[in-house]
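Input: a single structure, listed below in structure tokens.
The values are calculated or read from the model by the stated rules, or taken from the named source; none is laboratory data. It should be emphasised that the depicted structure is a prediction, and the values quoted were computed from it without experimental measurement. Positions of Cβ are backbone-derived with ideal geometry, glycine not excepted, and every protein chain shown enters the neighbour counts. When the accessible area is computed, the model is the full protein with side chains, heavy atoms only, and any ligands, DNA or RNA have been set aside. Shrake-Rupley method; radii C 1.70, N 1.55, O 1.52, S 1.80 Å.
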Amino acid sequence: MSAMNDCIVKVDNLSLFYGTKRALYKVNMDIPRQRVTAFIGPSGCGKSSLLRCINRLNDLLDDVKIDGSIFLDHQDIYAKSSNVPALRRRVGMVFQRPNPFPKSIYENVAYGLRIQGINQRKTLDEKVELALRKAALWDEAKDRLHDSALKLSSGQQQRLVIARAITIEPEVLLLDEPASALDPISTLKIEELISELRNQYTIIIVTHNMQQAARVSDVTAFMNKGELIEIGTTSQLFTNPSKKQTEDYLTGRYS
Ligand SMILES: Nc1ncnc2c1ncn2[C@@H]1O[C@H](COP(=O)(O)OP(=O)(O)OP(=O)(O)O)[C@@H](O)[C@H]1O
Ligand SMILES: [Mg+2]
């Protein structure tokens with residue numbers, strides 16, 4: 001499958017334990033570069049856990065143990081020498097509920113740049129505008145850049161958070177149910193945005209909504225009970241799954 005040839009993220013025999021509870025079982029997965037990969041599967045199957053492993057967000061929790069590894073462009077992100085802040089600049093993340101900072105629209109988007117020590121007004125102005133344009137929010141935000149981000153609607157806030165994630169030009173964007181808290185029109189905007197961004201970034205999206213996975217992704221991974229059951233092109237997986245478990249899930253024959 002040509003979409004899978006150039007892999008940016010390689011999940012290698014990854015198991016994850018929360019205390020004694022095993023949430024991921026020996027997951028192996030190649031994630032293609034500059035494509036959209038969707039993780040689907042029943043609630044509690046480990047989609048968010050796996051997504052969080054890709055930028056080491058689980059490191060923030062106590063009592064988490066990880067076996068196996070994940071490679072980003074052939075570098076082991078769990079190696080002792082791995083630089084986690086640098087990893088998080090390369091792998092951005094957006095959560096289910098929009099979480100803008102209680103700052104202006106402009107400062108939300110400029111945040112990652114300021115952390116990198118970029119404070120020159122002209123550079124910030126240019127990069128903030130570019131990110132807001134890419135996130136399809138510029139037209140709605142350009143006359144209120146210095147208003148509080150908290151005054152935006154939740155759909156606008158989610159696009160703002162995506163703009164905040166992309167200002168620093170990550171290579172990989174992780175989206176955990178980015179539209180599930182949004183109304184249908186905002187959901188459509190987020191889906192359009194994902195389609196726009198797919199040529200520039202590698203996007204990995206967790207979604208409960210199978211129609212959404214079918215609409216936005218190139219590759220789909222079906223997980224169940226902490227295991228990867230099947231990964232393939234979205235069209236193949238939806239029309240001709242190779243595993244019975246996948247078929248049962250897609251046809252709703254699943255508890
Ligand atoms: N911080 C945590 N501490 C302990 N157990 C956790 C933690 N986070 C997740 N789990 C458990 O790990 C398993 C996988 O959870 P995860 O959130 O990855 O599933 P999910 O597929 O994203 O589910 P959903 O679709 O409901 O978001 C679940 O059994 C969950 O209860
Ligand atoms: Mg989840």
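Of all the listed residues (66, 31), the sole one being among the aliphatic types (A, V, I, L, M), in contact (Cβ under 8 Å) with a residue 40 or more places away in the chain, under 20 Å from residue 220 (Cβ atoms) and away from ligand 2 (no atom under 13 Å from the Cβ) is 31. Could you tell me which residue of segment 64-77 is farthest from residue 15 (Cα to Cα), considering only residues that are open to solvent by less than 60 Å² (accessible area, probe 1.4 Å) and not acidic (Asp, Glu)? Restricting to residues being open to solvent by less than 60 Å² (accessible area, probe 1.4 Å) and not acidic (Asp, Glu), the top hit is 72.
Can you pull out the residues in segment 34-52 that are away from ligand 2 (no atom under 13 Å from the Cβ) and either over 12 Å from the mean Cα position of the chain (by Cα) or not in a strand (DSSP E or B) (or both)? If the condition is that a residue be away from ligand 2 (no atom under 13 Å from the Cβ) and either over 12 Å from the mean Cα position of the chain (by Cα) or not in a strand (DSSP E or B) (or both), then 34, 35 are the ones that fit. Among the residues of segment 169-213, just one is more than 13 Å from ligand 1 (Cβ to nearest atom), within 18 Å of residue 56 (Cα to Cα) and open to solvent by 10 Å² or more (accessible area, probe 1.4 Å), namely 171.
Determine whether residue 80 is modelled with pLDDT under 95 and open to solvent by 80 Å² or more (accessible area, probe 1.4 Å). It is true that residue 80 is modelled with pLDDT under 95 and open to solvent by 80 Å² or more (accessible area, probe 1.4 Å).
When the helices (runs of 4 or more DSSP H) confined to segment 77-153 are screened for residues that are under 28 Å from residue 47 (Cα atoms) and among the aliphatic types (A, V, I, L, M), those reaching at least 1 such residues are found at 84-90, 105-115, 121-134. Screening 61, 51 for residues that are touching a residue at least 24 places away in the same chain (Cβ under 8 Å), surrounded by 17 or more Cβ atoms within 10 Å (Cβ to Cβ), within 12 Å of ligand 1 (Cβ to nearest atom) and within 22 Å of residue 89 (Cα to Cα) leaves exactly one candidate, 51. Tallying residues that are over 17 Å from residue 220 (Cα atoms), touching a residue at least 60 places away in the same chain (Cβ under 8 Å) and touching a strand residue (DSSP E or B) at 6+ places or on another chain (Cβ under 9 Å) within segment 181-203 yields 1.
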